[in-house]
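Student: Here it is: the structure, laid out below.
The values are calculated or read from the model by the stated rules, or taken from the named source; none is laboratory data. Because the structure is a prediction, the values reported are computed rather than measured. Backbone-built Cβ (ideal geometry, glycine too); neighbour counts: all protein chains shown. In case anyone asks, the SASA skips ligands and DNA or RNA and just uses the protein heavy atoms, side chains included. Shrake-Rupley method; radii C 1.70, N 1.55, O 1.52, S 1.80 Å.
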Amino acid sequence: MNAEGKKKAKGGKGAVQLFQPMTLRGVTMRNRIWLPPMDTYSAVARDGKPTPFHYQHYVSRAMGGFGMIIAEATAVTADGRISPRDVGLWNDDQVAAWHWIVDGIKQAGAVAAVQLNHAGRKGSTGCFGVGFEGKSVPEDAGGWRTVAPSPIAYRGLTDPRALSVEEIHGLVSAFRDAAQRAVWAGFEAIEIHAAHGYLISQFLDPLCNERADEYGGDIHGRMRFLLEVADAIREVIPDTVPLLVRISATDWAAGGWDLDQTVDTACVLKQHGVDLMDVSTGGIIADVSIPVKANYQVPFSDQVRERAAIPTTAVGLITKPKQAEKILRAGQADAVEIGRAALRDPYWPLRAAAKLGVPVSKAPYQPQYIRGAFPED
């Protein structure tokens, strides 16, 4: 994106950018404050079905004013879960369990999106309610043998089995079928999880992918799985449904995945019907040094947005309204994602509106809550 494009992204001097609508394909978000996908490990029956907890979790934040709610990593196969308590869309029975949650999100005025994922070598891991936290769950405790591009384990986890080409093709179909179910459930946008060291991310990264076939080697081979997944999903979802990709812009390791490869991949993804890059970092290689601080991932969003000329979101220790507004005004992203701060405060957007001087009549309040509106600063 050139300098003129960035200038236009800043908008008028008096306009609060966080509360400007944003349209992708046929879907308009009421503002640019989004809830990122954050695992809750709360499918307590271990059947991949969301529960009343998930309804409360997502709908409360839709009522709190978020423009888009991106539901947590949702497995496309049972053995693609991160933990035994992950949600999924690998069978038709799970569609109805999502439907009432999606309806609640939309009734509260937010756009309902879902992140589709396969955990690969980082699957079958423990969590609260299961135990084995930070370790692989044994098969006799409900775990499973994991798979990956190459038989290289993530620190502390069991060795994965390398996928065959035929199995890779099957997983492309699994992503396609899960996307179709997501549309049946009413989701209005689909995100592919290609970040944080899960399966697609493992294919992209040269430190995880040592394949010598068409799914390995140079960047074109390593991005093949992602492109096939994007094409398969784009074929089955309506043209009006936006397709997003979450990507780790760097693995923070020498010789590994980096910003230049991310930009190259984003340029290709744009040609395959992807509408926005959800830019994060890390999670791929263990024991790396990450300079975690406020806005530490924002420059990656900025670079992908400018160099690949594709809309992006920024995420990572964005906690304050003025901080988030400054990111948008600088043209570093088209939307911001408020993660851990939203776990503390489901009404973060409404509080932000007051902090930034947005009139109550223009803020995303539910009509029942207007009389309790935050006082303007």
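Student: With a cut-off of 8 Å between alpha carbons and a minimum separation of six or more residues, what is the relative contact order of the chain in percent?
Tutor: 17 percent
Student: Distance from the Cα centre of the range 82-109 to that of the range 214-240, in angstrom?
Tutor: First find each Cα centre; the distance between them is then 24 Å.
Student: Quick one: 3J(HN,Hα) in Hz for the range 357-367, Karplus 6.51/-1.76/1.60 with θ = phi - 60°, rounded, Gly and Pro as x.
Tutor: Calculated HN-Hα couplings, in order: x, 6, x, 3, 5, 9, 8, x, 7, 5, x Hz.
Student: Also, I was wondering about something else. Report the calculated FRET efficiency for residue 133 and residue 93 (r = Cβ-Cβ distance, R0 = 30 Å), to the nearest 0.05.
Tutor: The formula returns an efficiency of 0.60 here.
Student: Given H placed 1.01 Å from N in the peptide plane, which residues other than close sequence neighbours of residue 135 have an amide H under 5 Å from its amide H?
Tutor: Amide H to amide H, under 5 Å and 5 or more residues apart or across chains, residue 135 pairs with 126.
Student: Kirkwood Rh and Cα-based Rg: tell me the resulting Rg over Rh for the range 208-313, rounded to two decimals.
Tutor: So for the range 208-313, dividing Rg by the Kirkwood Rh gives 0.98.
Student: Which percent of the accessible heavy-atom area of the chain goes to carbon and sulfur, probe 1.4 angstrom?
Tutor: Of the solvent-accessible surface of the chain, carbon and sulfur hold 51 percent.
Student: Which value at 222 nm does the chain reach when only helices count, each DSSP H run of 4 or more adding -39,500 (n - 2.57), with the total divided by all residues and rounded to the nearest 500 deg cm²/dmol?
Tutor: -10000 deg cm²/dmol
Student: If you place +1 on the Cβ of every Lys and Arg, -1 on the Cβ of every Asp and Glu, and leave all else neutral, what size is the dipole of the chain about its Cα centre, to the nearest 20 Debye?
Tutor: With only Lys, Arg, Asp and Glu charged at Cβ, the dipole is about 1780 debye.
Student: Using Cα atoms only, what is the angle between the long axis of helix 52-63 and the major principal axis of the chain, expressed in degrees (0 to 90) to the nearest 10?
Tutor: Computed tilt is about 40 degrees.
Student: Additional query: If you wrap the chain's Cα atoms in a convex hull and average its projection over all directions, what's the area in nm²?
Tutor: Computed as one quarter of the Cα hull surface, the answer is 17.5 nm².
Student: Now for a separate question. Could you tell me, in Å, what Rg and Dmax come out for the Cα atoms of the range 94-154?
Tutor: According to the Cα coordinates of the range 94-154, Rg and Dmax are 16.3, 45 Å.
Student: Additional query: Under 5 Å between amide hydrogens, which residues at least 5 positions from residue 24 or on another chain qualify, with H placed 1.01 Å from N in the peptide plane?
Tutor: Sorted by chain and number, the residues that satisfy this are 29.
Student: Please report how far the C-alpha centroid of the range 169-207 lies from that of the range 251-277, rounded to the nearest whole angstrom.
Tutor: One Cα centre to the other: 16 Å.
Student: Here is a further query. Express in nm, to one decimal, how much length is gained between residue 169 and residue 44 on full extension, taking 0.36 nm for each residue of separation and deducting their alpha carbon distance.
Tutor: 42.0 nm
Student: Cross-chain or 8 or more residues apart, Cα under 15 Å: how many lysine pairs in the range 18-361 fit that? Count them up, please.
Tutor: 5
Student: Looking at the square roots a ≥ b ≥ c of the eigenvalues of the Cα gyration tensor of the range 103-221, which shape do they give, rounded for a/c under 1.5, prolate if a/b is larger than b/c, or oblate?
Tutor: Judged from the Cα gyration tensor, the range 103-221 comes out oblate (a/c at least 1.5, b/c at or above a/b).
Student: Right, something else. Please calculate how many Å² of accessible area the range 18-361 carries per residue, with a 1.4 Å probe and no DNA, RNA or ligand atoms counted.
Tutor: Value for the range 18-361: 35 Å² per residue.
Student: Hey, can you grab everything whose amide H is under 5 Å from the amide H of residue 196? Only 5+ residues off in sequence or another chain; H modelled, so Pro and N-termini drop out.
Tutor: Amide H neighbours of residue 196: 248.
Student: Also, I was wondering about something else. Rounded to whole Hz and in sequence order, give me ³J(HN,Hα) for the range 289-306 from the Karplus expression 6.51 cos²θ - 1.76 cosθ + 1.60, θ = phi - 60°, writing x for Gly and Pro.
Tutor: 8, 10, x, 6, 6, 3, 6, 5, 9, 4, x, 5, 4, 4, 5, 5, 4, 6
Student: Let me ask something else about it. Given a Förster distance of 22 Å, report the FRET efficiency between residue 159 and residue 213 from their Cβ-Cβ distance, rounded to the nearest 0.05.
Tutor: For R0 = 22 Å, the calculated efficiency reads 0.65.
Student: Along the charge dipole of the range 18-361, pointing to its positive end and built from +1/-1 on Cβ of Lys, Arg, Asp and Glu, which listed residue (193, 352, 58) has its Cα farthest out?
Tutor: 352
Student: Distance from the Cα centre of the range 11-46 to that of the range 315-362, in angstrom?
Tutor: So the two Cα centres are separated by 10 Å.
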